[in-house]
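Some notes on the structure that comes next.
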Amino acid sequence: MKNYLLIPVLALSLVACKEENKPTDADVVETVTEMVVPENVTESEYESFGKEIVADDAIAAASMAEHYKGMKIGDSIDSKIIAKVDEVCQSKGCWMTLDLGGEEQAMVKFKDYGFFMPKDIKGKDVIINGKAYVKEVSVDEQRHYAEDAGESPEAIAAITEPKRTYSFEADGVLLKK
């Protein structure tokens, strides 16, 4: 009987003596600089599309651009980012591109074509949640997107090589009103 009591006591003492790894101040500062938490956010400030998400814990577009640079074709990570819309599909709102800073953009499509975005949101801020990945886009697909964006026939014909792109499959989007 004493042996049966000894086992739980030993297990409890091992758990109680476990060393806890607390983050240092440097770890906290690094995390905070990457996160963008909109101040005083109310649900009425955003219109929601797709899966319902919250504005908390979104990272800045520039931070996401740095993550993308370290990724290879086929790599993916779950992410939530806040960025400005550069373009939207003018056919039906089935894709958009986001400004990641500098010359960098991310092509955003919507999971299972479950929702679309308004066509007049160029320049507006969005928070997107989903999967970030890097892929190579074929010439035909690039031309299709250029056509959807309303590019000239000359600009479409000038697309002649596949392109490495930063992509994102969003399951939820918050659009700032």
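The values are calculated or read from the model by the stated rules, or taken from the named source; none is laboratory data. Just so it is clear, the structure is predicted and the values come from calculations on it, not from any experiment. Cβ atoms come from the backbone with ideal geometry, glycine included; neighbour counts cover every protein chain shown.
In table form, for the structure just shown:
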| quantity | calculated |
| --- | --- |
| Search result, residues across region 110-165 that are aliphatic (A, V, I, L, M), exposed (fewer than 12 other Cβ atoms within 10 Å of the Cβ) and in a loop (DSSP other than H, G, I, E, B) | A158 |
| Candidates M96, M64 - the one that is hydrophobic (A, V, I, L, M, F, W, C), assigned to a helix (DSSP H, G or I) and either modelled with pLDDT of 90 or more or in contact with a helix residue (DSSP H, G or I) (Cβ under 7 Å, 6 or more places away or on another chain) (or both) | M64 |
| Identity of the residue in region 72-93, out of contact with any helix residue (DSSP H, G or I) (no Cβ under 6 Å at 6 or more places or on another chain), hydrophobic (A, V, I, L, M, F, W, C) and surrounded by 15 or more Cβ atoms within 10 Å (Cβ to Cβ), that ends up farthest from K177 (Cα to Cα) | V88 |
| Looking only at region 70-93, and only at residues there that are among the hydroxyl-bearing types (S, T, Y) and over 13 Å from I128 (Cβ atoms), the one that is modelled with the highest pLDDT | S76 |
| Index of the failed condition, K177 passing every other in (1) in contact with a helix residue (DSSP H, G or I) (Cβ under 7 Å, 6 or more places away or on another chain); (2) more than 22 Å from E52 (Cα to Cα); (3) modelled with pLDDT under 95 | (2) |
| Pairs where the first residue, in region 60-71, is surrounded by fewer than 17 Cβ atoms within 10 Å (Cβ to Cβ) and the second is of a type outside the set (G, A, S), C-beta under 7 Å, 6+ apart | A62/L100; M71/V134 |
